[in-house]
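Shown next, in structure tokens, is the structure this report addresses.
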């Protein structure tokens with residue numbers, strides 16, 4: 001099964017090859033190299049509607065993850081939905097390239113599929129440490145400001 005990508009928004013250019021490479025490396029790092037994952041990039045309005053419909057939160061968010069693994073030969077592990085507009089705002093705020101912020105959000109979504117939950121502060125710390133490990137292998141020397149607000153130094 002492959003990693004598939006759909007871009008359903010038009011405001012933010014999506015570095016397709018980079019994102020696919022990051023997702024594949026993250027899946028290998030999570031011990032799921034053959035897992036099928038669908039990555040969908042949307043605008044804030046669409047992610048707000050999805051967040052309201054499935055999680056009952058009436059606000060936009062940066063990433064949603066939907067586990068889809070079922071018994072049988074499908075090989076589909078899940079779908080990760082990223083708001084490209086939110087990623088762009090977060091990248092500007094941190095002073096990092098939008099592609100790097102998109103990488104972070106894709107890895108974050110994949111970790112949710114793997115069972116990580118950032119709702120609890122202790123679990124959030126573990127999740128963000130794992131994000132850092134995965135992304136450092138993908139792009140060594142990441143700027144420290146990427147982690148601003150995620151992990152204490």
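The values are calculated or read from the model by the stated rules, or taken from the named source; none is laboratory data. Owing to the predicted nature of the structure, the values given are computational and were not obtained by experimental measurement. Note that we place each Cβ from the backbone using ideal geometry, even for glycine, and neighbour counts take in every protein chain shown.
Points to keep in mind about this one:
- Residue match in the stretch 50-60 (condition: over 13 Å from the mean Cα position of the chain (by Cα), modelled with pLDDT of 90 or more and surrounded by 14 or more Cβ atoms within 10 Å (Cβ to Cβ)): yes
- Filter pass, residue 85 being more than 12 Å from the chain's Cα centre (by Cα), touching a residue at least 60 places away in the same chain (Cβ under 8 Å) and over 18 Å from residue 32 (Cα atoms): yes
- Taking residues in the stretch 91-105 that are at positive phi and modelled with pLDDT under 95, and partners anywhere that are assigned to a helix (DSSP H, G or I) and surrounded by fewer than 21 Cβ atoms within 10 Å (Cβ to Cβ), the pairs with Cβ atoms closer than 8 Å and at least 6 places apart or on different chains are 95/145.
- Contact map, the stretch 7-23: residues that are at pLDDT 95 or above paired with residues that are loosely packed, with under 15 Cβ neighbours inside 10 Å, Cβ distance under 8 Å, separation 6+ or inter-chain. Pairs shown: 7/16.
- Residues that are within 14 Å of residue 108 (Cα to Cα) and at pLDDT below 95, drawn from the stretch 28-38: 29, 30
- Within the option set 64, 27, being in contact (Cβ under 8 Å) with a residue 24 or more places away in the chain and assigned to a strand (DSSP E or B) holds for one residue only, 64.
- Scanning the stretch 106-128 for residues that are surrounded by 13 or more Cβ atoms within 10 Å (Cβ to Cβ) and either under 23 Å from residue 15 (Cβ atoms) or without any contact (Cβ under 8 Å) to a residue 60 or more places away in the chain (or both) yields a total of 16.
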